[in-house]
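Visitor: Below: one structure in C-alpha cells.
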Amino acid sequence: MGKLALRWIAACSVMFLVSACGAAYGAPDREENFTVQGRECSARWWLEPLADEVPDEASSVASHALTNSVVSPAELEEWKATILESQSGDKEIPNHRLESYAYVEAVRADVRSELDAAGYPDAPTRLIEVYSDSDCS
C-alpha cells in the first residue's frame, strides 16, 4: 500500500479516533500539552495490540517510537494538507483543531513508520494500533 494511501486512510479515521479513545484505554502511553493557534491543547496516545501474539520487538519499537516522536513543522504542514484533502462534506475544520489533529496524526505516523522500518508493516496486517485523542481550550 502506498504512502499516500496510508496517509489518506489515517486521515479519514483521525476524526473518529481523536474523540473515541480517552475513556476506553485507561492511562495513556504518551501525553503531551502544546500550543496551537494561541490555544492550549493536550493530546494522548495509546498503543494497542491488534493480534493475539505481538512480538516483544514490535512492542518495544512502537513504545520507543511513541515516546521519542518529535513533530517537525514540515510534518505538521503535510498532515494538515492531508486532512483537508480527505475531509468530506463542506464542514470547515477550525484552524486550531486542524493543527491539533495534524499533530496527533504525525506522532501516530512516526510509530507506524518505525514499525515498518523494523519489519512490521501495516499491510497485510497491522500488529499495533496507535489510538489517540486531543482537545484544545
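The values are calculated or read from the model by the stated rules, or taken from the named source; none is laboratory data. Source: prediction; values computed, not measured. Glycine gets a Cβ as well: all are built from the backbone with ideal geometry, and neighbour counts include every protein chain shown.
Visitor: Look through region 83-134, keep the residues that are among the acidic types (Asp, Glu) and touching a strand residue (DSSP E or B) at 6+ places or on another chain (Cβ under 6 Å), and return whichever of them is modelled with the highest pLDDT.
Guide: Glu129
Visitor: How many of the residues making up region 28-40 are modelled with pLDDT under 95 and either surrounded by 13 or more Cβ atoms within 10 Å (Cβ to Cβ) or part of a loop (DSSP other than H, G, I, E, B) (or both)?
Guide: Total satisfying the criteria: 5.
Visitor: Hey, could you check region 67-111 for residues that are acidic (Asp, Glu) and out of contact with any Cys (no Cβ under 9 Å at 6 or more places or on another chain) and say which is farthest from Ser42 (Cα to Cα)?
Guide: So, considering only residues that are acidic (Asp, Glu) and out of contact with any Cys (no Cβ under 9 Å at 6 or more places or on another chain), the one farthest from Ser42 (Cα to Cα) is Asp90.
Visitor: Tell me, which residue of region 107-137 that is of a type in the set (Gly, Ala, Ser) and buried (at least 20 other Cβ atoms within 10 Å of the Cβ) is nearest to Pro49 (Cα to Cα)?
Guide: Here the answer is Ser132.
Visitor: Report yes if some residue within region 110-118 is within 21 Å of Gly26 (Cα to Cα) and touching a Gly at 6+ places or on another chain (Cβ under 6 Å); otherwise report no.
Guide: no
Visitor: Continuing with this model, one more query. Which one of Glu92, Glu78 is assigned to a helix (DSSP H, G or I) and within 23 Å of Arg39 (Cβ to Cβ)?
Guide: Testing whether each residue is assigned to a helix (DSSP H, G or I) and within 23 Å of Arg39 (Cβ to Cβ) leaves just Glu78.
Visitor: Quick one: Ala109 ticks every box in (1) under 17 Å from Glu32 (Cα atoms); (2) part of a loop (DSSP other than H, G, I, E, B); (3) of a type in the set (A, V, I, L, M) except a single one, so which number is it?
Guide: (2)
Visitor: Right, another one. Which ones in region 89-106 are surrounded by 15 or more Cβ atoms within 10 Å (Cβ to Cβ) and either over 25 Å from Ala27 (Cβ atoms) or in contact with an Asp or Glu (Cβ under 6 Å, 6 or more places away or on another chain) (or both)?
Guide: Ile93, His96, Leu98, Glu99, Ala106, listed by residue number.
Visitor: Mind checking which residues of region 48-83 are touching a residue at least 24 places away in the same chain (Cβ under 8 Å) and more than 17 Å from Ala106 (Cα to Cα)?
Guide: Glu48, Pro49, Leu50, Ala51, Val54, Pro55, Glu57, Ala58, Ser59 - these are the residues of region 48-83 that are touching a residue at least 24 places away in the same chain (Cβ under 8 Å) and more than 17 Å from Ala106 (Cα to Cα).
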